[in-house]
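Reading through the structure tokens given below for one structure.
The values are calculated or read from the model by the stated rules, or taken from the named source; none is laboratory data. The model shown is predicted, which means the values in this text are computed figures rather than measured ones. Heads up, the Cβs are rebuilt from the backbone with ideal geometry, glycines too, and the neighbour counts pull from every protein chain shown.
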Amino acid sequence: MKGSTLHRSGLTREKMGVLASISQADNKKQSTKAQLNQYYRAAKAQELDLLWGGAQKGIQKVHSVAKTTTQKSPAVYLFVGFISGVLFMGCIMLIASLSSMNPKVNVVDSNAKTNVAVIGENNTTDEKIEPIVTHEKYVVKKGDTLNGIAYRFYGKYDEAKILEIQRINNIVNRAAIQIGQEIIVPVSHDRI
């Protein structure tokens, strides 16, 4: 450094000499660290080479075993997947159809009047045989409507039967049925 710069910085030549010797000592420490790092890197590189060589041998063994087995084409996997999908969907549809069938329980009202006509071998009548009418009780669940209940019992939407259910149960408003309410539904059965 120039003398004017030293003068302005307030450093003397002795202080500059001390700074130079400190920086040289730091350089020696860094060079020692660099030598140690180089040694460790070389040792690690040898370890990695050994590990990589072992891994490559293992990979070669796997490839040799895979080559000896028969390889299947993608078409085989596609065909097997298609067949298993069809079988799975068939099972799902079967389960869905079985779960949608609701057994209907007929509850016979003991107060209901039934007409019974006995027809023997010699006795023939030209009278029209009336169907037997029974009453089933149904408890309203969440989401039920009179239209839905009629469809459940009769299998179709019939306005006359819905009005009959309303009349028997004294329901003024179709939308006013409550969850847990017991509704009597007339169901007719043909005589045998």
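Please go through the stretch 162-171 and give me each residue that is free of Cβ contacts under 8 Å to residues at least 12 places away in the same chain and either within 12 Å of VAL185 (Cβ to Cβ) or assigned to a helix (DSSP H, G or I) (or both), ordered by number.
Within the stretch 162-171, LEU163, ARG167 meet the criteria.
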Quiz prompt | Residues of the stretch 154-185 classified as under 13 Å from VAL139 (Cα atoms), within 42 Å of the chain's Cα centre (by Cα) and surrounded by 13 or more Cβ atoms within 10 Å (Cβ to Cβ), total | solution = 5
Exercise. Run down ASN102, ASN106, ASN111 and say which single residue is touching a strand residue (DSSP E or B) at 6+ places or on another chain (Cβ under 7 Å) and either modelled with pLDDT of 80 or more or loosely packed, with under 10 Cβ neighbours inside 10 Å (or both).
Key: ASN106
